[in-house]
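Here is the structure we will look at, set down as structure tokens.
The values are calculated or read from the model by the stated rules, or taken from the named source; none is laboratory data. What you are looking at is a predicted structure, and each value in this text was computed from that prediction instead of being measured. When we count neighbours, we look across all protein chains shown, and the Cβ atoms used for this are built from the backbone with ideal geometry, even at glycine. Only protein heavy atoms, including side chains, enter the accessible area calculation; ligands, DNA and RNA are left aside. Shrake-Rupley method; radii C 1.70, N 1.55, O 1.52, S 1.80 Å.
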Amino acid sequence: MTDQASTLRVIQGGKPMLPVTRRALAISGGKGGVGKSTIAVNLAVAYAQAGTRTVMLDTDLGMADLNLLLGVAPDKSLLDALGGTPIEDVLVSAHGISLVPALNGSYLLSTIGPSAQQRVIELVSGLADRFDTLVVDVAAGIGQAQTTFGGATADAIVVVNPEPLSMADAYACLKTLSTQEGVRHAFVLPNRVASRSQAEELVARLGALVTRFLDISITGLPAIPADPCVVEAAQYGIPLLVHAPGSPAARAIRQLTRSLATLVPETATWWRTPRAQGETR
């Protein structure tokens, strides 16, 4: 695998554009169609372009789409890894990042239970020496698998857009992460917004509900604007940051990585410490 991150370090005179720290982010949204997979892919590409070794994990296990957004056709998937194939042999590389792919249309993979989900986490942990940044794309919904993977990483991001249903589902996602996984902090990322004021209103409204009813705090992130280039990039199977690097949404995603660099401390491990029954974290 070509290490594009190393190449970028050479181009930058040995200094990456972002501090190379260990970080892990799970991108959730509750509602399907809010743009979380697009955000996850382009966030990962932005980290790679900034000089960090980045790997993605697709946990939309039976409806995988990250390979389509990256324009690749994997020969193997997480199902092979769970069956004994070395996780390194499952990786597929594209646009400077590596992907641990799921398998579209696999009922078997989509219905794995808690023990197999924990095994996925263990397998991906074996890649920690090779990569700095882990980005996890979490499937839509608030089922057991989504909640497990959404709350497993050191930091969680919940994507929300101006649609009323998106706000309701983002709240449900935060509630489930809090009550089922004991997550006590999450980032909220407004997506497809028309203005900064609209983004601020989204975060404020969601924050008011969270403060009143949930035992979790949220931090708003710089918003991603509505941008027709996002749809174009998806149609071509090319990440936005490659297809239209100067577009408003691409610039916003690069700004997002810089903001997260100041908000997210380096972690000793990609994963949260699993909690015992009845405990919170």
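Structure values in brief
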| item | result |
| --- | --- |
| Solvent-accessible area, 1.4 Å probe, carbon plus sulfur percent, for the chain | 54 |
| Of the DSSP H helices in the chain, those whose Cα atoms cover at least 15 Å axially and whose Kyte score averages -1.0 or more | 36-49, 114-125, 164-181, 196-213, 248-263 |
| Cut-off of 10 Å, at most 15 other beta carbons, DSSP loop: longest stretch of the chain lacking such GluC sites (Glu not before Pro) | 1-265 |
| Chain lengthening between TYR236 and VAL264 when straightened (0.36 nm per residue, less Cα-Cα) | 6.9 nm |
| Unit charges on C-beta of K, R, D, E only; dipole of region 20-173, Debye | 220 |
| Electrostatic dipole magnitude of region 127-209 [Cβ: Lys, Arg +1; Asp, Glu -1; Cα centre; debye, to 20] | 160 |
| Prolate/oblate/rounded call for region 149-198, Cα gyration tensor, a/c under 1.5 rounded | prolate |
| Gap separating the Cα centres of region 82-155 and region 237-267, nearest whole Å | 22 |
| Rough spin-label spacing in nm, given labels placed 7 Å along Cα→Cβ, for THR219 and VAL72 | 3.0 |
| Per residue, in Å², the accessible surface of the chain once ligands and nucleic acids are set aside, probe 1.4 Å | 43 |
| Scattering profile of region 130-215 at q = 0.11 Å⁻¹ [log10 I(q)/I(0), Debye over alpha-carbon scatterers] | -0.30 |
| Karplus-derived 3J(HN,Hα), 6.51/-1.76/1.60, for each residue of region 92-101, Hz, glycine and proline x | 10, 10, 6, 6, x, 10, 10, 10, 9, x |
| Given charges at beta-carbon only (K, R positive; D, E negative), |dipole| of the chain in Debye | 720 |
| Dipole of the chain, positive direction: furthest Cα of VAL41, SER28, ALA204, with charges on the beta-carbon | ALA204 |
| Amide H within-cut-off set for ASP132, under 5 Å, with H built and near neighbours excluded | ARG53, THR54 |
